[in-house]
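These notes concern the structure reproduced below.
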Amino acid sequence: MVLEGLDGSGKSTQFKRILQRFQQEGKKVRGISFPDYQEPSSALVRMYLDGELGDSADQVNAYAASSFYAVDRYASFVRHWKKDYEAGTWILSARYTTSNLIYQMAKLPREQWGEFLTWLLDYEYEKLGLPRPDRVIFLDMPLEISQNLLLSRYGGDPSKKDVHERDNRYLRQCRECALYTAERLDWVVIPCAHGNEILPMDTITQEIWKQL
């Protein structure tokens with residue numbers, strides 16, 4: 001099961017709340033999150049997000065950047081949670097292969113999105129052998145609100161944003177990619193705001209729980 005959303009969508013908060021809810025229900029569940037910044041396998045991801053491979057996200061092509069993230073997921077799966085998964089433990093992930101379908105697809109012209117989607121699903125799920133999620137939930141937060149939440153997270157300092165977070169044009173394209181993919185892969189889309197007002201945290205949690 002995967003929780004997705006653009007940066008500042010409240011995904012990490014909801015991930016913790018849903019994981020706790022599963023545990024309270026007595027379910028055997030393991031939480032994982034990507035990128036796994038504490039592991040060596042995320043080195044290329046960190047270089048990319050820090051701008052060491054280009055000043056903007058567009059300077060690193062979609063296929064190369066997707067590989068950075070995919071390798072990090074593969075290493076995490078093999079080293080840390082494969083045995084739990086194969087033993088029947090429920091896995092709840094904050095971001096997954098699904099993030100490449102949002103953030104990397106956005107670098108391509110729309111007429112290439114279908115080709116990229118097919119390539120990525122084959123690459124990560126078939127070639128690398130990563131498990132396919134049974135359910136993907138996309139938390140849809142308006143960009144204006146998510147950007148304000150990000151600024152709060154960074155103490156009002158916009159220089160702390162990574163190459164994705166500081167490009168509003170790119171993030172709008174990412175949202176379009178998310179909705180495009182949601183339609184084709186049957187993701188659940190949960191609105192997190194009404195107009196310019198964020199929905200109550202408990203309301204969003206209840207909707208996620210209902211879908212899971």
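Magnitude of the charge dipole for the chain, about its Cα centre and with charges confined to Cβ atoms of Lys, Arg (+1) and Asp, Glu (-1), is about 640 debye.
What does the charge count around ARG73 come to, taking other residues whose C-beta lies under 10 Å from its C-beta (Lys +1, Arg +1, Asp -1, Glu -1)? Local charge sum for ARG73: -2.
Count the DSSP beta bridges whose two residues both fall in the chain, then state the antiparallel fraction as a percent rounded to the nearest 5. Numbers along the way, then the final one.
Numbers: 2 of 17 bridges.
About 10 percent, rounded to the nearest 5.
Short-range pairs are left out: with C-alpha atoms under 8 Å and at least six residues apart, the relative contact order of segment 1-121 is 38 percent. Our helix-only sum for the chain, with -39,500 (n - 2.57) per DSSP H run of n ≥ 4 divided by its residues, gives a mean residue ellipticity at 222 nm of -14000 deg cm²/dmol. Exposed loop sites were defined as chymotrypsin sites (Phe, Trp or Tyr not before Pro) in DSSP loop states (anything but H, G, I, E or B) carrying at most 16 other C-beta atoms within 10 Å; in the chain the longest segment without such a site runs 38-153.
Quick one: dipole size for segment 1-75, taken about the Cα centre, charges +1 on Lys/Arg Cβ and -1 on Asp/Glu Cβ, in debye to the nearest 20. Mind dumping the intermediate values first?
Details: 9 positive and 10 negative charges, 148 e Å.
Once rounded to the nearest 20, the dipole reads 720 debye.
With a cut-off of 20 Å on the backbone N, the residues of segment 3-41 near the modelled label site 7 Å out from GLU52 along Cα-Cβ are 34-41. Ordering ASP50, ASP58 by accessible surface, largest first, gives ASP50, ASP58; the 1.4 Å probe counts only protein heavy atoms, with every chain in place.
Give me the net charge for the shell around ASP202: Cβ to Cβ below 14 angstrom, other residues only, Lys and Arg +1, Asp and Glu -1. That works out to +3. Counting only heavy atoms of the protein chains and using a 1.4 Å probe, GLU126 has close to 110 Å² of accessible surface.
Relative to the present Cα-Cα distance, how much length would full extension add between GLU176 and LEU143 at 0.36 nm per residue of separation?
10.7 nm
Rounded to the nearest whole Hz, the Karplus-based 3J(HN,Hα) values (6.51 cos²θ - 1.76 cosθ + 1.60, θ = phi - 60°) of segment 4-12 follow the sequence 10, x, 5, 4, x, 7, x, 4, 5, with x at glycine and proline.
Of the solvent-accessible surface of the chain, computed with a 1.4 Å probe over protein heavy atoms with every protein chain present, carbon and sulfur atoms account for 47 percent. For the chain, the solvent-accessible area works out to 50 Å² per residue, with a probe of 1.4 Å and every protein chain left in place.
Considering only alpha-carbon pairs that sit under 8 angstrom and 6 or more positions apart, the relative contact order computed for the chain is 32 percent.
Once you put a point 7 Å from the Cα of LYS16 and another 7 Å from the Cα of VAL189, both along the Cβ direction, what distance in nm separates them? Rounded to a tenth, the inter-label distance reads 2.9 nm.
Residues within the reach of a label modelled at ARG110 (point 7 angstrom out along Cα to beta-carbon, backbone nitrogen below 18 Å), restricted to segment 1-43: there are none. Fully extending the segment from ARG30 to TYR125, taken as 0.36 nm per residue of separation minus the present Cα-Cα distance, adds 32.2 nm.
For the chain, what does the convex hull of the Cα positions come to per residue, in cubic angstrom?
On the way: hull volume 26.0 nm³, N = 212.
It is 123 Å³ per residue.
The values are calculated or read from the model by the stated rules, or taken from the named source; none is laboratory data. Bear in mind the structure is a predicted one, so any value in this text is a computation, not a measurement. So basically every Cβ, Gly included, is an ideal-geometry build from the backbone, and we count neighbours across all protein chains shown. Note: accessible area is taken over every heavy atom of the protein model, side chains too, but ligands, DNA and RNA are not part of it. Shrake-Rupley method; radii C 1.70, N 1.55, O 1.52, S 1.80 Å.
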